[in-house]
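Peer 1: Handing you this structure, nothing more for now.
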Amino acid sequence: MTGAQAMILAAGRGERMRPLTDHCPKPLLEVLGKPLMQYHVEALGRSGFRDLVVNTAWLGQQIENRFAPLAGDGASDGGLRFRIRYSDEGRDFGGALETAGGIARALPLLDDAFWLVGGDVYVPQFEFSRAALDGFASGHALAHLFLIPNPPHNPKGDFGIRPSGLALSHDAVQYTYSTIGLYRKALFASLPAGNPQGLKAPLAPLLRAAMDNGQVTAEIYTGPWTDVGTPERLAQLNAT
């Protein structure tokens, strides 16, 4: 059996969302009556990605309990059945491993190429296209990022992009990384396979190094997107 072709990041503590996240993991905070992470699960399912990996740490059992009805024999959501496997960093290491560390830990559960998305962003119209994954898998890039116009809380952006679609680690005009991307396992080759020691590692340095070698592509996404990073942003979404 091949590995899963999609991973949702759900291990963060959500410090800026406190006190809302003191007793509820950030991906379960509701926007318009639905947990943030559920929007991703449903979107992935609509595109045929029903074998998912989710990494957890803070209050991770709540996430497993919430999505248990969507997984397993006889369970469905709108006719869709899911297999959801968890990489429990809280249980195994006492806390989150940062983004790259968490992905490296989950790599044994994933296919060579896979979708990645943060569980705490609201992006209700994004399509996790099968064709996009297949096209990426047939190429040579180590990652393909979806960038957005800079929101007020990140005015300087994160990465640049050439007209050819090549991503740049630094540029005069930069865009914000949406947390959505296509990734290849080889991007994480500098970390121990499966990260058995639970090394903490950020993602940005790996991406910048690969960009400097011309191994990352990108495109601009202009649909609705919100990093639900503060209680105020959550309240604004729920007021719409």
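Peer 1: Scan the range 104-114 and give yes if some residue there is closer than 22 Å to ALA186 by Cβ, of a type in the set (Phe, Trp, Tyr), at pLDDT 90 or above and assigned to a loop (DSSP other than H, G, I, E, B), otherwise no. Walk me through how you get there before you give the answer.
Peer 2: First pass over the range 104-114, keeping only residues closer than 22 Å to ALA186 by Cβ: 104-114.
Subsequent filtering for residues that are of a type in the set (Phe, Trp, Tyr) retains 114.
Remaining after also requiring at pLDDT 90 or above: 114.
Filter again for assigned to a loop (DSSP other than H, G, I, E, B), leaving none.
No, the range 104-114 contains no residue that is closer than 22 Å to ALA186 by Cβ, of a type in the set (Phe, Trp, Tyr), at pLDDT 90 or above and assigned to a loop (DSSP other than H, G, I, E, B).
Peer 1: Considering the range 61-72 alone, what residues qualify as being modelled with pLDDT under 90 and farther than 16 Å from GLN38 by Cβ?
Peer 2: GLY72
Peer 1: Does ALA75 qualify as being part of a helix (DSSP H, G or I), over 28 Å from LEU191 (Cβ atoms) and modelled with pLDDT under 95? Before you say what the answer is, go through the steps one by one.
Peer 2: Details: part of a helix (DSSP H, G or I): no; over 28 Å from LEU191 (Cβ atoms): yes; modelled with pLDDT under 95: yes.
For ALA75, the condition - part of a helix (DSSP H, G or I), over 28 Å from LEU191 (Cβ atoms) and modelled with pLDDT under 95 - is not met.
Peer 1: Then there's this: Checking the conditions here, which among THR99, THR56 is hydroxyl-bearing (Ser, Thr, Tyr), closer than 20 Å to VAL31 by Cβ and buried (at least 17 other Cβ atoms within 10 Å of the Cβ)?
Peer 2: None of the others qualify; the one that does is THR56.
Peer 1: Among the residues of the range 1-32, how many are free of Cβ contacts under 8 Å to residues at least 12 places away in the same chain and touching a helix residue (DSSP H, G or I) at 6+ places or on another chain (Cβ under 9 Å)?
Peer 2: Looking only at that region, the number is 2.
Peer 1: Tell me the residue from ARG50, ARG83 that is farther than 21 Å from PRO196 by Cα, surrounded by fewer than 16 Cβ atoms within 10 Å (Cβ to Cβ) and in contact with a strand residue (DSSP E or B) (Cβ under 6 Å, 6 or more places away or on another chain), please.
Peer 2: Values: ARG50 fails: surrounded by fewer than 16 Cβ atoms within 10 Å (Cβ to Cβ).
Testing whether each residue is farther than 21 Å from PRO196 by Cα, surrounded by fewer than 16 Cβ atoms within 10 Å (Cβ to Cβ) and in contact with a strand residue (DSSP E or B) (Cβ under 6 Å, 6 or more places away or on another chain) leaves just ARG83.
The values are calculated or read from the model by the stated rules, or taken from the named source; none is laboratory data. Treat the numbers as computed from the prediction; the structure is a model and nothing was measured. Cβ sites come from the backbone with ideal geometry, for glycine too, and all protein chains shown count toward neighbours.
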